[in-house]
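Please read the structure below before turning to the comments.
The values are calculated or read from the model by the stated rules, or taken from the named source; none is laboratory data. None of the values given here were measured: they were computed from a predicted structure. We place every Cβ from the backbone using ideal geometry, glycine too, and count neighbours over all the protein chains shown.
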Amino acid sequence: MSTTNKVELTGNLGMNPEVRELNSGKKMVKLSLATHEQKKNSTGERITETQWHNLVVWGRNALLAEQQLKKGSPISITGKINSRNYLDKNGQKRFVTEIQVNNIRLLSTAKEGVTAIGKN
């Protein structure tokens, strides 16, 4: 049996791109994406639930994300889920789950069109 690790999300950025340049010269961009789901609560009232997703973009896509994205931008992404742990500055073990982004599609109004960043 084969398995797949693929994520597709569409939402709005919750922050401006956080750019980091590694010692190797390679760029990495961190983004925060909000997705919303409308549902009814136990009393029948319609509510919106927001989920926040940590995104990581590398290489050429990171450069393009840095130049073209900003807080509030509507985007659609594909990527894979990655979980890892690390020691924080106080020596505490921390766990993080993030989406390693392969493809970003910048969404805009119908008259502005759609711009793709990365692989299609």
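A few comments on the model shown:
- Single unsatisfied condition, Ile47 versus (1) of a type in the set (A, V, I, L, M, F, W, C); (2) over 23 Å from Leu106 (Cα atoms); (3) modelled with pLDDT of 95 or more: (3)
- Tallying residues that are at pLDDT below 75 and either loosely packed, with under 10 Cβ neighbours inside 10 Å or not small (Gly, Ala, Ser) (or both) within region 73-120 yields 10.
- Ile47 vs. criteria within 24 Å of Thr4 (Cβ to Cβ) and of a type in the set (Val, Ile, Thr): no
- Flag if Leu55 is modelled with pLDDT under 90, within 13 Å of Asn103 (Cα to Cα) and touching a strand residue (DSSP E or B) at 6+ places or on another chain (Cβ under 7 Å): no
- Beta carbons closer than 9 Å, at least 6 apart along the sequence or on distinct chains, pair a first residue in region 6-28 that is closer than 21 Å to Thr78 by Cβ and without any contact (Cβ under 8 Å) to a residue 24 or more places away in the chain with a second that is part of a strand (DSSP E or B) and among the β-branched types (Val, Ile, Thr) for Glu18/Val29.
- Applying the criterion of being touching a Gly at 6+ places or on another chain (Cβ under 6 Å) and among the small types (Gly, Ala, Ser) to the residues of region 7-63, the residue that is surrounded by the most Cβ atoms within 10 Å (Cβ to Cβ) is Ser32.
- Selection count, region 27-78, where residues are within 11 Å of the chain's Cα centre (by Cα) and among the charged types (D, E, K, R): 1
- Contact map, region 34-59: residues that are closer than 20 Å to Lys80 by Cα paired with residues that are at pLDDT below 90 and assigned to a strand (DSSP E or B), Cβ distance under 9 Å, separation 6+ or inter-chain. Pairs shown: Val57/Ile117; Val57/Gly118.
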